[in-house]
Protein chains: 2
Amino acid sequence: MSSAASSGGSGGPGGPGGARKRADKRQAILEAAFTVFARRGYAQACVQEIAQEARVAKPTVYSHLNDKETLFRHALEAAADALAAENLAAVERLRDLAPDADLRAALTGTADRLLRICGSERGRALKWLTYAQVGTFPDLVDAVLERTGRRLGTALADRLARLSLAGRLRPCAPEQAAEHFLALLTAPYEARSALGTRPLPATALHGLAEAAVDTFLLAYAA
Amino acid sequence: MSSAASSGGSGGPGGPGGARKRADKRQAILEAAFTVFARRGYAQACVQEIAQEARVAKPTVYSHLNDKETLFRHALEAAADALAAENLAAVERLRDLAPDADLRAALTGTADRLLRICGSERGRALKWLTYAQVGTFPDLVDAVLERTGRRLGTALADRLARLSLAGRLRPCAPEQAAEHFLALLTAPYEARSALGTRPLPATALHGLAEAAVDTFLLAYAA
DNA sequence: AGCAAGATGAACCCATGGGTTCAATAGCTA
DNA sequence: TAGCTATTGAACCCATGGGTTCATCTTGCT
């Protein structure tokens, strides 16, 4: 199940099998890199271990990604893309809300999902790794934040603008409302979970989501 | 030339001068350690550079602190203590607020100070270093968070409880109010400043403080 | 003056790990 | 079958840096 049997039908017509397998390896290497970086941190992670994790030889790693730093950047950006997709999906649930639907319940549902993503294995690892290298690769912080932070903020602002226009929220600056919604949600989570080091039970997460929505609605409800 | 003239009045009566100088060196080492760790990160910082920064020989460093990890822990805890003192001072300004004083102005003043501390050289460095080692030294995260996070939260909760009792805020759970106040303040700062990598002008900081207080008062004013 | 405790710098030992080289091999294409 | 390309494993080079040792000062105390 490692890599040989992965591409399904062997030598499917229409595409060069060699290139396909090569792309698969690159993918495996990036995933393995993220796993190992998450486990050890940037400096402590050795390329050898990444190669093992990807079931690949060390020179193969260097043939795909030039050096450790490139490996790190690509691995983190890929992880950020995956997280961003999950975040956006959670926010999109606020689209097409029926006029008589329960706004509080909808917001709480979205909040709950965002919190779960934030506390997921990948979410925590990405945050740690990004913060950790903020001094050495400041531009990487920007790339990751663009994907996970800014995109999420504007998508949520879009939804809140519609809700405001529909009279379900008071007139407000949607960017700021989104910023405050996310703040009320994530900052208490960071504090309670000790930056993600201490796992919170699902009930605690739900409590945080409800508290955030409560306060948000006190400030922003119509 | 370096250390001989450091202790000010030479041989002040009442204390053993030797021990005093030794304590001074320890202090210098810890400060230098924080400076260098902040500059390079934990793994990239070498003890040699810390020794140079402290104007001390490498074996002297090891004679005071057993190894690099101990050095790191003590340096960070000292920095956290210093930050905690500043934070508490900012919150204490809410004590003894005159019954007819401008609550919004008082909260904004405190918010402004907290934001400045959070964005200070020391504040940013401490946050980066703590986050960076969250995987390797999880208990250190706890020690730092206890000093900067928890203490600040309860101190602010104390003040808000009094304000609530005095009828200036609506009845509420003070811990949660404090949590939300700090969330509205710091999370937007983190987002806007890209985790502290991009400096915000004082006017932007003030704007964040005012926005946070606005929303907070919408939800928590009497 | 003479002693004890630090402090010093330089050299040293050694583990880790990034990055490369190379000969051997597996797998696909023609 | 011939040939090309990607892969492999193992050994290798070399820089970095944690931690120690030691002989030599410096300094304060008596």
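The values are calculated or read from the model by the stated rules, or taken from the named source; none is laboratory data. Everything numeric here is computed off the predicted structure, so don't read it as measured data. Quick reminder, even Gly has a Cβ in these numbers, built from the backbone with ideal geometry, and neighbours come from all protein chains shown.
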Item to check | Tally of residues being more than 9 Å from chain A (Cβ to nearest Cβ) and closer than 22 Å to residue A:174 by Cα across segment B:169-207 | outcome: 9
Checklist outcome for this item: Conditions (1) away from DNA strand D (no atom under 16 Å from the Cβ); (2) touching an Asp or Glu at 6+ places or on another chain (Cβ under 9 Å); (3) at pLDDT 95 or above -> residue A:39 fails only (3)
Next on the checklist: With the structure loaded, tell me whether residue B:79 is surrounded by 18 or more Cβ atoms within 10 Å (Cβ to Cβ), under 26 Å from residue B:199 (Cα atoms) and modelled with pLDDT of 95 or more or whether it fails that test.
Outcome noted: yes
Checklist entry - Quick one: would you say residue A:20 is within 13 Å of DNA strand D (Cβ to nearest atom), at pLDDT below 95 and of a type in the set (Lys, Arg)? => result yes
Checklist entry - Hey, among B:160, B:152, B:129, B:114, which residue is within 14 Å of chain A (Cβ to nearest Cβ), assigned to a helix (DSSP H, G or I), within 30 Å of residue A:36 (Cβ to Cβ) and out of contact with any Gly (no Cβ under 6 Å at 6 or more places or on another chain)? => result B:129
Checklist entry - Residues of segment A:58-73 being surrounded by fewer than 17 Cβ atoms within 10 Å (Cβ to Cβ) and either within 14 Å of chain B (Cβ to nearest Cβ) or among the aromatic types (Phe, Trp, Tyr) (or both), which ones? => result A:62, A:69
Checklist entry - Going through segment A:58-82 one residue at a time, which ones are among the charged types (D, E, K, R) and either in a helix (DSSP H, G or I) or under 20 Å from residue A:23 (Cβ atoms) (or both)? => result A:58, A:68, A:69, A:73, A:77, A:81
Next on the checklist: Given (1) touching a residue at least 40 places away in the same chain (Cβ under 8 Å); (2) closer than 12 Å to residue B:87 by Cβ, identify the lone condition not met by residue B:169.
Outcome noted: (2)
Next on the checklist: Could you go through segment A:32-43 and let me know if any residue there is within 8 Å of DNA strand C (Cβ to nearest atom) and either aromatic (Phe, Trp, Tyr) or over 20 Å from residue A:138 (Cβ atoms) (or both).
Outcome noted: yes
Next on the checklist: For segment A:25-57: of the residues being outside any helix (DSSP H, G or I) and farther than 17 Å from residue A:133 by Cβ, which is farthest from the other protein chains (Cβ to nearest Cβ)?
Outcome noted: A:57
Item to check | Output for segment A:180-197, where each listed residue is free of Cβ contacts under 8 Å to residues at least 40 places away in the same chain and within 14 Å of residue B:153 (Cα to Cα) | outcome: A:187, A:188, A:190, A:191, A:192, A:194
Item to check | segment A:87-96, subset of a type outside the set (Gly, Ala, Ser) and crowded, with 18+ Cβ neighbours inside 10 Å, residue farthest from residue A:38 (Cα to Cα) | outcome: A:94
Next on the checklist: Can you find a residue that is within 9 Å of DNA strand D (Cβ to nearest atom), surrounded by 17 or more Cβ atoms within 10 Å (Cβ to Cβ) and not charged (D, E, K, R) anywhere in segment A:42-53?
Outcome noted: yes
Item to check | Condition met for residue A:101 (more than 14 Å from DNA strand D (Cβ to nearest atom), part of a helix (DSSP H, G or I) and either over 22 Å from the mean Cα position of the chain (by Cα) or without any contact (Cβ under 8 Å) to a residue 60 or more places away in the chain (or both)) | outcome: no
Checklist entry - Can you find a residue in segment A:32-55 that is closer than 27 Å to residue A:154 by Cβ and touching a helix residue (DSSP H, G or I) at 6+ places or on another chain (Cβ under 8 Å)? => result yes
Next on the checklist: So, in segment B:213-222, exactly how many residues are of a type in the set (A, V, I, L, M) and at the interface with another protein chain (Cβ under 8 Å from one of its Cβ atoms)?
Outcome noted: 2
Checklist outcome for this item: Filter segment A:177-222 for residues that are assigned to a loop (DSSP other than H, G, I, E, B) and not polar (S, T, N, Q); the one that is surrounded by the fewest Cβ atoms within 10 Å (Cβ to Cβ) is A:201
